[in-house]
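Reading through the structure tokens given below for one structure.
The values are calculated or read from the model by the stated rules, or taken from the named source; none is laboratory data. Every value quoted in this text rests on a predicted model; they were computed, and no experiment measured them. Heads up, the Cβs are rebuilt from the backbone with ideal geometry, glycines too, and the neighbour counts pull from every protein chain shown. Note: areas computed on protein heavy atoms with side chains; ligands, DNA, RNA excluded. Shrake-Rupley method; radii C 1.70, N 1.55, O 1.52, S 1.80 Å.
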Amino acid sequence: MSQDQQMIQAVYQGWHAYQETLIKAISPLTADQLKMRSAPDLLSVGEIATHIVKNRAVWFYFIMGEGGKEFETFGRWDVYGEISTNAKEIILGLEKTWNTMHEIISNWRPEDWKKTFPDEDDDNTPDVLTRPWIVWHMIEHDIHHAGEISIMLGSFGLQGLKLSG
């Protein structure tokens, strides 16, 4: 295994461990707890978790053309205000997107990592997106929003994400 492959594997294992801590934090939540929000104009715990699932699907399906019909469905989860208040459904979305992303990324050859995609949005992303940039952006997106969930849960006296070490 090359040094690049070892680095990718280490990063991927860390991301997977973080995914598991997020699932453990969400799994015991009731519908009412998933509706909790820090302020009336901020997203609820369930809305943020649903947004994580949607984001993964959008990047993989709508940007890179990966993930198939199921990812197309996940990519539309919060488009019409349809937010899940069912922890099992959210966890299913997290697990299915994770497993599919893992399978896809694991099959990328070195030349696949060089594939680029045009960015048509006028935002803070590069004009041309690379797969490494997209994967990193998804990691930082998961960490950012799962951190929000953890802080929110803690502020309501519930267990947030438990990180090791």
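Summary of computed values
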read-out: Hits among aspartates and glutamates - C-alpha to C-alpha of LYS115 under 19 Å, sequence gap 8 or more where chains match; value: ASP4, GLU66, GLU103, ASP127
read-out: Solvent-accessible surface (1.4 angstrom probe) belonging to TYR18, in square angstrom, nearest 10; value: 40 Å²
read-out: (1) 16.0; (2) 20.7; (3) 16.7, with the label sought being that of the calculated Kirkwood radius over Cα pairs in Å; value: (3)
read-out: Accessible-area ranking of SER44, SER106, SER164, largest first, probe 1.4 Å; value: SER164, SER106, SER44
read-out: Contour excess over end-to-end distance, with Cα ends at GLU72 and LEU158 and 0.36 nm allotted per residue; value: 27.7 nm
read-out: Residue-averaged 222 nm ellipticity for the chain, from DSSP H runs of 4+ at -39500 (n - 2.57), nearest 500; value: -19000 deg cm²/dmol
read-out: Amide H partners (placed H, <5 Å) of LEU129, local residues excluded; value: PHE117, ASP119
read-out: Surface accessible to a 1.4 Å probe, PHE74 within the full protein complex, Å²; value: 20 Å²
read-out: Centroid-to-centroid separation of the range 1-42 and the range 133-162 [C-alpha atoms, Å]; value: 6 Å
read-out: Cα-based helix-to-principal-axis angle, 131-155 vs the chain, degrees rounded to 10; value: 10 degrees
read-out: C-alpha long axis of helix 87-107 to longest principal axis of the chain, angle in °; value: 10 degrees
read-out: Accessible area (Å², per residue) of the range 19-165, counting only protein heavy atoms and a probe of 1.4 Å; value: 55 Å²
read-out: MET64/TYR12 FRET efficiency (R0 22 Å; Cβ-Cβ; nearest 0.05); value: 0.85
read-out: Per-residue SASA entry for GLU72, accessible area with 1.4 Å probe, Å² rounded to 10; value: 40 Å²
read-out: Chain lengthening between ASP119 and LYS24 when straightened (0.36 nm per residue, less Cα-Cα); value: 30.8 nm
read-out: Exposure rank, largest accessible area first [ARG37, ARG109; 1.4 Å]; value: ARG109, ARG37
read-out: Accessible surface of the range 24-165 [probe 1.4 Å, protein heavy atoms]: carbon and sulfur percent; value: 52 percent
read-out: Cα long-axis angle, helix 3-26 against the chain (0 to 90 degrees, to the nearest 10); value: 20 degrees
